[in-house]
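Accompanying notes for the structure given below.
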Amino acid sequence: EQVWRNSNAIRTIDLRSTYTKTLTSLIIVNEGDEPQNTYRYFQQTSPGESVLSLSVSIKEEEKKGTNPIKVNNNVYDIPLQPPVKPGESRTLLIQAGLDGGVRPLPAAVDQDEEQYLVYLTTLYLDSPYTTDLQRTRLILPSAKIDTYTTYNIDGAELPNRVGNTLVYESRETITGEDNDLGEIYVRYEHTVPIPRGADLYVQIDMHEYRKMLEVSERVVFENHAAKLKSNFDRAKWYMGNFYNPVSTAINRVVYSLPRNSKDVYYTDEVGNITTSHMRVEPHQTWIELNPRYPVFGGWNYLFQLDWKMPYEEFRSSKNRREYLDIPLAWSPGDMIYEKAVWSYVFPEGATNIEIEMPVEISNSNVTKIHKFLDTLGRQVFTYEALNVTDGVPSDIVHISYEYNSSAFFLRIAIITTLLILLAAAAYMIWAP
Amino acid sequence: MANSATITSKKGVKSHQKDWKIPLKVLILICIAVASVSSRLFSVIRYESIIHEFDPWFNFRASKILVEQGFYNFLNWFDERSWYPLGRVAGGTLYPGLMVTSGIIFKVLHLLRINVNIRDVCVLLAPAFSGITAIATYYLARELKSDACGLLAAAFMGIAPGYTSRSVAGSYDNEAIAITLLMSTFALWIKAVKSGSSFWGACTGLLYFYMVTAWGGYVFITNMIPLHVFVLLLMGRYTSKLYIAYTTYYVIGTLASMQVPFVGFQPVSTSEHMSALGVFGLLQLFAFYNYVKGLVSSKQFQILIRFALVCLVGLATVVLFALSSTGVIAPWTGRFYSLWDTNYAKIHIPIIASVSEHQPPTWSSLFFDLQFLIWLLPVGVYLCFKELRNEHVFIIIYSVLGTYFCGVMVRLVLTLTPCVCIAAAVAISTLLDTYMGPEVEEDKVSEEAASAKSKNKKGIFSILSFFTSGSKNIGIYSLLSRVLVISSTAYFLIMFVYHSSWVTSNAYSSPTVVLSTVLNDGSLMYIDDFREAYDWLRRNTPYDTKVMSWWDYGYQIAGMADRITLVDNNTWNNTHIATVGKAMSSPEEKAYPILRKHDVDYILIIYGGTLGYSSDDMNKFLWMIRISQGLWPDEIVERNFFTPNGEYRTDDAATPTMRESLLYKMSYHGAWKLFPPNQGYDRARNQKLPSKDPQLFTIEEAFTTVHHLVRLYKVKKPDTLGRDLKQVTLFEEGKRKKLRRPAKTNEIPLRV
């Protein structure tokens, strides 16, 4: 049913990241006879590409964000409240994270060769409604573009190229029934690693008495760049680091920890890793982690970083209630984590715990553990999420709880009792 | 520490005899234990809490199995990931005492909610038990002389390098707890002999059982205690106390030791255990002899003795012959032969001689491990001869046996060290007693002097009486003599402490897994190539990857990389090891079928030429050749690997056999790239690199670590067209324009 018309559509595909980011700006007009409260949206994907995340904001509405309803793969219904009256228009901003569309071509390169990536998309917007004006922009990592599709429509040469950006602009009216959407193929040079987080595990221990947060992050990442065509040559790698340090291998991971972080451990499954550097600055601490070996395409790596942070950096207190605002993770952003787990271990005596997670949670549970000299036990809140993307370091977890210090005094009493018993036993053994 | 302990002990005994004696001794022993533990933590502080060397990695892996899967799964553990394709009956071929001890400690700590890692329990087990060893040594040594002597022995034992070498943090091997059990068993045995109590005899037996579960060196106890009893019998010191002590110990200990799966019926079937059984029987004869002696008259007893002796000798001969011929009594093992004939292993069993700690020690290594204690050993033994109670006889026997076996195998300095510490403590304690003690006697001597003076003798007798008068200016009574001797002794003790700490820190605290060197600016650089390679294997190869390497690295590959190995440090199958050695020693076309038959995916070698690491595979190559030559003498000939001059050359002067061998090719492939042209150098063997880079056909380089130390090669799959892999490589290089008919050695005929 043709009730909507896309009067203007601008689609921006950003290929500079480790995964594809698209921003679609739509001006939609209700051409029906009745008010409409739903707009059907097709998220375009390349062959093999999948949607990781999708968020919609509407410019005219007071509450900007809205939650699209997933109808099918790549098909979403966007609710519009209040309904749009006939003849009125709305501006939709749709952001999506896509994965799997970019692939290296050739699939294998030598360790000192350039890497070329290819991406496929369509020239026209895929929509069940008619589109009047539209523009497709591809933003590439650099201006080194090897190949891209060109069109000659009515004497106009497409695309218009500005540096690292390709703009395909069309004034042709495309109806919803048109099947030929055109094809855009682009091949560009991008000799960098494409890290992918296979697993992320974050555990945060809160210590009320010591005023300390103990953080442990374990990351398993893979490199989805081009594989090695021939064997890994250590001598070539060693000399290449001096002459031409550009490579598809992951050789550096940079962490930015808060100030006053201490007791930093960098380990993996076989023990301590000695290839790292730590630099303390007034407002933060930089840790440059080097993997044990250069992680080329197809290889993977696991590491764990542990450190301690003072409580006061994140904490506030109000009405007998403690509030903590902790970053979701400190691991490098701009990466997809296929699976992420967060564990929050609360101090003994914490009650009425509330946690707001900024990501979509797929699984969660609460357990209780005991540590040395614990009596009541500590609550552990565990959350799982899939395909976590974008802005992981900047998202904040809001934690609040009430703390009853009687548990701490009970521990003091236990320690004192044990010491008294020991002293009495020693006296009874030796005094007579 | 040792000197202050002695002085403090003396003062404490004198000034606070009743109230402070026991607490003060407890405090001193605690200080000794703390010193023992802390002197073994250099590697943890300098590097990290990590398992060291090679054998401990298997013990750590077994401990994880025990903790994660339970005791019975641990005992029934069949390790299909080692000794591929055979596997290994791991649970039945190991001494479970070490792992069970760690498992129990782990469970107790977790019961207390101290959530330690099993690795930390394993790493710190040896230091913890070294403190207990010091206390056990105290209980043994104080029986010889005094409590002060015991404390001295404990202090020596705690820090002596001969013991710290096998008990630093991270050396998670059987010796970690075995020396503790050795000293505890001996201390309990001495107590059992002195008291004649079956309770202490039973305790000795149970602790002997614990020792049997922990270490194959329990055979030392199995032979030491019966030898002690035998010597006492020869000295005519049979008592019912001795009978009760040994009988209780032997019965309980032997029956208990048979419960260990690895031991089974060895106590009644192997020759190493026959002396204990023989002394047990002899003791029954002695008891019967004494019993009958009290019943019959002297004449009848003489006749009875002769008749009994003839019957016993005849019966023993027949039984021994029958048992030996039917194979019930097993012959001595090759390792046992090498203890008596030092050339036996080199000729017959090269796998044993190839282990560096199975070589005789040099004299300097004894001083290195024991410092001035080694000179005090004969002094202490002499002082034991002076008193010669039963416990002194034990130490004398221990010193003779320990000295001999230590002279044969350098590793057995470990068993000699406790004896040396005790004997040295006896010597030092006697010396200090002599020069600090005789103030009471001075009064008597003064009285004698007074009485001598009253006789009013003249001439030469007056001079003689002056020397024998016990004046304060003569001999040990002189203050100058005392200060001189005591300060010298204190200096020697301080130097001993310094030497022990230095040796432990510099020579015995290296994990071997991580190396370190000092850069030009004085900073420390870690060489972590082993873990780099193991981590790469772990992360980037399939779980069922088979890795071939020399057996030195088998436990580490299984423990750190968690990959299937063909051979490892258990060395229980000589044929399998020889097969790997043959693959390494043969040319590629002969080695490739061996690799294919064993499903080898990767080959791991250690090449130390770039780094100057002398324990690499090229330096172990001769042992690979000798071991495989033992099984295939017509295929592998050691002589062909030496130049006509008899040199071991790896540069251009290397023989064709050497140059074509698989290990040589893998070691030197691509090594020239790190040097300027024509300046390649092998820093481990101080020879130039071969001018022509060895070319590989059947394998390809997969990964090489940052310092070129560990190299991994991937074994190629057979060509799908059935061609020889060498022809494939040459064809791809464009050296041949036509496709020739394949060589006859091809397994798959080419189809036209």
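The values are calculated or read from the model by the stated rules, or taken from the named source; none is laboratory data. Model, not experiment: these values are computed from the prediction. Here the Cβ positions follow ideal geometry from the backbone for every residue, glycine too, while neighbour counts run over all protein chains shown. Protein only, heavy atoms only, side chains kept; ligands, DNA and RNA dropped before computing areas. Shrake-Rupley method; radii C 1.70, N 1.55, O 1.52, S 1.80 Å.
Here are the numbers for the structure shown:
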{"read-out": "Strands (runs of 3 or more DSSP E) lying entirely in segment A:32-149 (those with 2 or more residues that are surrounded by 14 or more Cβ atoms within 10 Å (Cβ to Cβ))", "value": "A:36-42, A:50-58, A:75-84, A:89-99, A:116-121, A:130-139, A:145-148"}
{"read-out": "Tabulated pairs, segment A:410-423, first among the aromatic types (Phe, Trp, Tyr), second open to solvent by 70 Å² or more (accessible area, probe 1.4 Å), C-beta under 9 angstrom, 6+ apart or interchain", "value": "none"}
{"read-out": "Residue B:325, sole failed condition from (1) under 28 Å from residue B:236 (Cβ atoms); (2) modelled with pLDDT under 75; (3) polar (S, T, N, Q)", "value": "(1)"}
{"read-out": "Test: residue in segment B:166-177 that is in contact with a Gly (Cβ under 9 Å, 6 or more places away or on another chain) and among the polar types (S, T, N, Q)", "value": "yes"}
{"read-out": "Residue in segment B:687-732 that is least open to solvent (accessible area, probe 1.4 Å), counting only those that are charged (D, E, K, R), in a loop (DSSP other than H, G, I, E, B) and away from chain A (no Cβ under 14 Å)", "value": "B:719"}
{"read-out": "Sole exception among (1) open to solvent by less than 40 Å² (accessible area, probe 1.4 Å); (2) under 17 Å from residue B:605 (Cα atoms) for residue B:683, by number", "value": "(1)"}
{"read-out": "Leading residue by the ranking (surrounded by the fewest Cβ atoms within 10 Å (Cβ to Cβ)) among those in segment B:66-118 that are of a type in the set (Phe, Trp, Tyr) and in a loop (DSSP other than H, G, I, E, B)", "value": "B:78"}
{"read-out": "Residues that are touching a helix residue (DSSP H, G or I) at 6+ places or on another chain (Cβ under 9 Å) and closer than 27 Å to residue A:283 by Cβ, drawn from segment A:214-265", "value": "A:251, A:258, A:259, A:260"}
{"read-out": "Enumeration of residues in segment B:627-643 that are in a helix (DSSP H, G or I) and either among the aromatic types (Phe, Trp, Tyr) or open to solvent by 20 Å² or more (accessible area, probe 1.4 Å) (or both)", "value": "B:629, B:630, B:631, B:638, B:639, B:640, B:641"}
{"read-out": "Where a residue in segment B:561-585 is in contact (Cβ under 8 Å) with a residue 24 or more places away in the chain and within 14 Å of another protein chain (Cβ to nearest Cβ) and its partner, wherever it lies, is open to solvent by 10 Å² or more (accessible area, probe 1.4 Å) and not hydroxyl-bearing (Ser, Thr, Tyr), with Cβ under 6 Å and at least six apart", "value": "B:561/B:538; B:562/B:538"}
{"read-out": "Residue in segment A:158-166 that is in contact (Cβ under 8 Å) with a residue 40 or more places away in the chain and either surrounded by fewer than 16 Cβ atoms within 10 Å (Cβ to Cβ) or of a type in the set (A, V, I, L, M, F, W, C) (or both) present", "value": "no"}
{"read-out": "Residue within segment B:607-626 that is in contact with a helix residue (DSSP H, G or I) (Cβ under 7 Å, 6 or more places away or on another chain), within 14 Å of chain A (Cβ to nearest Cβ) and either assigned to a strand (DSSP E or B) or more than 27 Å from residue B:671 (Cα to Cα) (or both) present", "value": "no"}
{"read-out": "Positions within segment A:344-380 being within 14 Å of chain B (Cβ to nearest Cβ), under 23 Å from residue A:218 (Cβ atoms) and touching a residue at least 24 places away in the same chain (Cβ under 8 Å), in sequence order", "value": "A:345, A:369, A:378, A:380"}
{"read-out": "Residue satisfying condition, being in contact with a Leu (Cβ under 8 Å, 6 or more places away or on another chain), in the same structural domain as residue B:129 (by the TED database) and of a type in the set (Val, Ile, Thr), within set B:89, B:100, B:67", "value": "B:100"}
